[in-house]
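All remarks here apply to the structure that follows.
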Amino acid sequence: MSRSSTESAELGEAPTVQAGEHTGSSVGMLTVLRRRDFRLLFVGEGISLLGDQFTFIALPWLVLQLTGDPLAMGTVLALAGIPRALFILVGGALTDRLSPRTVMLVSNLVRMVLVSALATLVLTSHIQLWMVYLLALGFGAGDAFYYPGQTAIIPRLVSRVQLQAANSLVHGVAQLSQVVGPIVAGSIIAVISGPTTSAALAAGQAPNLAGVGFAFVVDALTFVASVVTLYLIQPGCAPGSAACTEPSTETASPADLIAAILQGIRLVWHDTTLRWAFIVIAAVDSLLLGPLLVGVPVLADTRLAEGAVAYGIIMSAFGGGALAGIILAGTLPQVAPQYLGTVIMALVSLFGIVLVVYGVTTSTSLIALASLVAGAGSGYVNVVFVTWLQNRVPALLLGRVMSLVMLASVGLVPVSQALSGALIKVSLVGVFVGAGVLLLAVTLRIMFVPAVRTMGLPPVAAATSAPD
């Protein structure tokens with residue numbers, strides 16, 4: 001990167017958009033896989049994401065088998081979230097300073113060692129609850145450095161016109177792993193460990209944790225695949241990549257990292273469009289995810305005849321819809337820049353309508369259909385929005401801005417879940433309808449903000465077309 005372009009990025013200016021880069025044309029997802037380094041990332045991370053689902057299932061199951069206490073299980077999961085929230089901004093700053101590849105490689109090495117240690121402790125019957133607590137803290141810290149790098153590395157490996165298709169592939173394999181992984185992991189744990197009766201546990205018989213240990217071994221091996229593929233990716237940026245920065249060779253002090261984090265915050269605050277984009281993120285995380293994650297199980301249990309089966313159907317419909325939306329984002333022609341903001345906000349407003357449907361109907365089929373629509377909109381919007389951010393934010397600041405996006409979810413979703421749980425005791429229907437109407441009102445209002453309607457245009461063109 002030349003000195004002039006580096007200085008522009010440090011000042012928070014948006015990357016220059018070349019003629020023809022935002023033409024609305026689509027690039028086939030399979031075409032992107034011709035890029036060697038992106039193909040390595042896709043294969044390695046796809047294998048690793050599948051392995052992560054083994055730990056996702058095995059870890060809470062381990063805690064339940066050790067203690068029989070749901071509170072202990074919740075504590076372990078909460079402990080993983082604390083360092084993830086505390087260090088994710090630092091992870092974003094280091095991603096920008098060093099390189100996404102370097103940060104991801106180190107993070108995966110650390111997490112591979114941690115999950116290997118967990119597997120060894122379980123299989124040798126030396127595992128204790130306090131060890132699980134410590135390892136959960138380590139997992140959370142590793143995640144905080146990995147996730148900003150995962151998003152920031154993609155623009156370095158593909159061209160700008162390939163970026164949306166590349167994001168579709170990465171999001172798609174993540175969604176697919178969430179569908180396939182838990183089923184496979186749960187089945188393997190059950191087959192290897194065998195049934196453990198409550199009578200046996202009451203008599204003091206130790207649970208058979210062989211299946212749990214094997215699940216951790218599988219995750220450790222998938223980390224090996226990710227580490228190898230990341231190592232094989234060429235340092236720097238591919239020719240014609242969407243964004244490129246040179247890693248710093250200077251040692252970063254804590255003061256330097258704080259200054260770097262503040263620089264990312266200033267960029268978001270002073271860029272009107274980015275600021276409104278974060279307001280949209282906050283609205284969705286606050287008003288959609290809490291009622292969805294907390295309210296749907298209660299809805300299935302108290303109002304739907306099928307009970308737990310209905311819960312599974314609804315969540316599967318949402319997951320299947322999300323996968324379909326991701327695929328559509330990678331295959332349909334890209335939205336014309338002048339309409340991008342309106343399309344995104346129209347799709348987000350659907351989430352409000354779906355919440356209202358949850359509140360007013362007792363038909364499992366209708367709720368599942370609404371979930372399918374919401375999932376498709378969610379999958380499509382996630383890919384398009386992340387692609388927009390990668391194009392909008394200067395390469396030198398991308399890791400920091402993406403870490404701010406992730407922090408918004410890490411911070412707001414637990415609050416939304418807790419608040420939803422409290423309000424559901426007052427009125428389940430009120431939570432769904434109230435959140436849906438409020439989300440719909442917020443998104444419709446934001447749709448008329450000029451900076452949002454013109455978000456797909458380069459900053460100069462957007463200011464000329466629709467001044468604030």
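The values are calculated or read from the model by the stated rules, or taken from the named source; none is laboratory data. No experiment lies behind these values; they were computed from the predicted model shown. Glycine gets a Cβ as well: all are built from the backbone with ideal geometry, and neighbour counts include every protein chain shown.
In table form, for the structure just shown:
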read-out	value
Neighbours by Cβ (under 9 Å, 6+ apart or cross-chain): first from region 421-441, more than 14 Å from Leu292 (Cβ to Cβ); second basic (Lys, Arg) and part of a helix (DSSP H, G or I)	none
Boolean, Ser107 is free of Cβ contacts under 8 Å to residues at least 60 places away in the same chain and buried (at least 23 other Cβ atoms within 10 Å of the Cβ)	yes
Some residue of region 389-400 being surrounded by 21 or more Cβ atoms within 10 Å (Cβ to Cβ) and either assigned by TED's automatic domain parsing to the domain that holds Arg84 or under 21 Å from Leu350 (Cα atoms) (or both)	no
Residue among Ala336, Ala322 that is of a type in the set (A, V, I, L, M, F, W, C), outside the structural domain of Thr31 (by TED's automatic domain parsing), touching a residue at least 24 places away in the same chain (Cβ under 8 Å) and surrounded by 24 or more Cβ atoms within 10 Å (Cβ to Cβ)	Ala322
Check on Gly456, assigned to a loop (DSSP other than H, G, I, E, B) and out of contact with any strand residue (DSSP E or B) (no Cβ under 8 Å at 6 or more places or on another chain)	yes
Considering residues of region 68-79 that are surrounded by 15 or more Cβ atoms within 10 Å (Cβ to Cβ) and touching a residue at least 60 places away in the same chain (Cβ under 8 Å) only, the residue nearest to the chain's Cα centre (by Cα)	Leu79
Wholly within region 2-103, helices (runs of 4 or more DSSP H) carrying at least 2 residues that are modelled with pLDDT of 80 or more and polar (S, T, N, Q)	36-67
Options Leu444, Leu404; residue that is touching a helix residue (DSSP H, G or I) at 6+ places or on another chain (Cβ under 9 Å) and either surrounded by fewer than 18 Cβ atoms within 10 Å (Cβ to Cβ) or polar (S, T, N, Q) (or both)	Leu444
Odd one out for Ser316 among (1) within 16 Å of Ser378 (Cα to Cα); (2) among the hydroxyl-bearing types (Ser, Thr, Tyr); (3) touching a Pro at 6+ places or on another chain (Cβ under 9 Å)	(3)
Among (1) under 19 Å from Gly186 (Cβ atoms); (2) crowded, with 18+ Cβ neighbours inside 10 Å; (3) at pLDDT 90 or above - the single one Leu114 does not satisfy	(1)
